[in-house]
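Novice: Next up is a structure, given as structure tokens.
Values quoted throughout were computed directly from the atomic coordinates according to the rules given, and no laboratory measurement underlies them. A quick note: this is a predicted structure, and the numbers were derived from the prediction, not measured. For neighbour counting, all protein chains shown are included, and Cβ atoms are generated from backbone atoms with ideal geometry for every residue, glycine included.
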Amino acid sequence: MKFITNHQIKIALGASVMLAFVGCSFLKNSTSASSTDDLSSNNPVLSQENVTVASDFRTTTVLEGLERPWSIAWLPDGAMLITERPGRLRIARNGNLDPQEIAGVPEVLAFGQGGLMDISLHPNFQENNLIYLTYSHGSESANHTRVARATFDGSALENLEVIFEVDPVKSAGQHFGSRIVWLPDNTMLVAIGDGGNPPIEVDGDLIRKQAQNLNSHLGKVVRLNDDGSIPSDNPFVGSADADSAVWSYGHRNIQGMTFDRANNRLWSTEHGARGGDELNLVEAGENYGWPEVTHSEEYTGGEISSERSRTGMIDPKVVWTPATAPSGLAIYTSDRFSQWQGNLFAGGLISRDVRRIELDEEGNVRSEESIPIGQRVRDVRQSPDGMLYVLTDEENGQLISIEPEGE
């Protein structure tokens with residue numbers, strides 16, 4: 001059993017002055033947040049003074065020896081499938097990591113922030129054995145995010161097919177997005193990043209502006225059927241001015257996304273630039289502002305936009321400045337830890353912690369506290385048996401469980 005010490009807490013909070021080489025949120029030198037405990041006020045900007053540090057929890061290191069792990073999925077027999085960003089799919093059984101990687105993984109472009117990223121099982125996996133992967137594909141000068149599916153026979157992937165790929169292609173190795181979430185109707189949502197920071201361009205203009213271009217997949221959440229086809233009730237189906245896969249737009253780089261089935265809500269966390277990370281309640285057809293409306297600043301200094309809110313665009317529920325570099329998001333639904341039911345858990349690459357976010361019935365944020373991990377947190381998941389786990393984005397990445405003390 002591994003317990004968090006006061007020294008680790010100081011390290012974790014001090015780490016908020018570090019820059020992430022994989023996440024794209026840099027720290028802002030000052031904040032405009034007021035020191036109020038009411039996080040559901042009209043001003044969603046938070047400073048570190050708003051966030052208390054949890055002390056009533058414990059952590060246990062379950063697995064070590066993972067290279068830049070990105071995502072985890074549980075098989076029906078309790079085994080865990082874990083992606084490693086360099087391009088490997090691993091399996092762990094009974095707490096032991098199999099040294100042999102899973103065969104049949106597609107070739108990935110492991111470059112910059114790209115590589116093998118999310119993994120998700122089809123909701124009917126026990127009947128069809130289908131597994132879905134997101135990964136970066138192409139070259140350093142022309143690449144994009146792909147979604148592929150394959151059948152898993154217990155030791156290898158078979159019948160792999162690419163069911164969706166992002167258009168347009170881009171240069172450089174930034175902002176692939178890449179979380180997968182399943183809706184109750186067995187359609188899937190996939191988060192796609194905006195393509196990168198200045199000076200990266202597409203069609204002669206800054207690539208980040210693609211987030212407002214409805215004919216582009218960049219800076220979007222797309223909704224697909226399980227075979228990659230487009231659902232007929234997507235919000236822009238039939239529009240000559242929009243790609244029919246688009247479900248929501250105006251996003252920068254979502255790396256945390258989860259669906260609250262109890263309340264039929266989709267939550268996401270996305271990276272800002274220099275500050276301005278966001279927690280959003282995402283709805284079909286809506287515009288989340290980037291880069292026309294943002295709390296972020298340019299990495300070189302100065303405003304990206306003078307607007308923080310605009311009619312017709314959806315405001316975030318929380319803005320984190322300084323940045324946490326959010327990656328991995330889960331909503332806790334089990335009664336195993338009843339005090340956590342309905343809470344969001346958001347991982348942070350820069351903050352090196354997990355933020356426990358308490359919501360009210362309308363989906364407003366009531367409070368937030370930091371659970372220090374002391375490593376870059378890449379993913380946060382609830383297991384089928386009600387445990388909460390994080391993956392750490394390190395050369396020697398770990399799978400760590402979190403639970404309240406006294407349980």
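Novice: In Å, what is the Rg of the alpha-carbon atoms in the range 271-407, and how long is Dmax?
Specialist: My reading of the Cα-based Rg and Dmax gives 16.1, 48 Å.
Novice: Okay, moving on. Placing one identical point scatterer on every Cα of the range 165-284 and ignoring solvent, what is log10 I(q)/I(0) from the Debye formula at q = 0.10, 0.22 Å⁻¹?
Specialist: -0.28, -1.29
Novice: Provide the convex hull volume over Cα atoms per residue for the range 121-187, in Å³.
Specialist: Cα convex hull per residue, to the nearest whole number: 100 Å³.
Novice: A further question follows. For the range 208-274 and the range 155-192, what is the centre-to-centre distance using only Cα atoms, to the nearest Å?
Specialist: Using only Cα atoms, the two centres lie 12 Å from each other.
Novice: Evaluate the charge dipole of the chain about its Cα centre and quote only its size in Debye, nearest 20, assuming +1 on the Cβ of each Lys and Arg and -1 on the Cβ of each Asp and Glu.
Specialist: Value, rounded to 20: 700 debye.
Novice: A further question on this structure: With a 10 Å Cβ neighbour count serving as the proxy for reagent exposure, in which order, fewest first, do 258, 60, 187 appear?
Specialist: 60, 187, 258
Novice: Would you kindly work out the equivalent ellipsoid of the range 289-364 from its C-alpha gyration tensor and give its semi-axes, the square roots of five times the eigenvalues, largest first in whole Å?
Specialist: Details: eigenvalues 168, 57, 12 Å².
Those come to 29, 17, 8 Å.
Novice: Can you list the aspartates and glutamates whose alpha carbon is less than 13 Å from that of residue 209, not counting same-chain residues fewer than 8 positions off?
Specialist: Answer for residue 209, where 13 Å is the Cα cut-off: 194, 201, 292, listed by chain and number.
Novice: With an 8 Å cut-off on Cα pairs and a minimum separation of 6 or more residues, tell me the relative contact order of the chain in percent.
Specialist: On the way: 1151 pairs, mean separation 75.5, N = 407.
Once divided by the residue count of the chain, the mean separation gives 19 percent.
Novice: Just flag the GluC sites (Glu not before Pro) in the range 102-210 sitting in loop per DSSP whose Cβ has no more than 11 other Cβ atoms within 10 Å.
Specialist: 107
Novice: Go through 351, 247, 89 and say which Cα lies farthest out towards the positive end of the charge dipole of the chain; charges sit on Cβ, +1 for Lys and Arg, -1 for Asp and Glu.
Specialist: Of the listed residues, the answer is 351.
Novice: When the Kirkwood radius is taken over all Cα pairs of the range 198-355, what Stokes-Einstein diffusion coefficient follows at 37 °C and 0.692 mPa s, in µm²/s?
Specialist: On the way: Rh = 16.6 Å.
Answer, rounded: 197 µm²/s.
Novice: For the chain, modelled as a Gaussian network with Cα springs under 10 Å, which listed residue fluctuates most, 260, 98, 167?
Specialist: Result: 98 has the largest fluctuation of those listed.
Novice: On to the next question. Would you mind giving the three semi-axes, in whole Å and largest first, of the ellipsoid equivalent to the range 352-407 according to its Cα gyration tensor?
Specialist: Working through the eigenvalues yields semi-axes of 22, 14, 11 Å.
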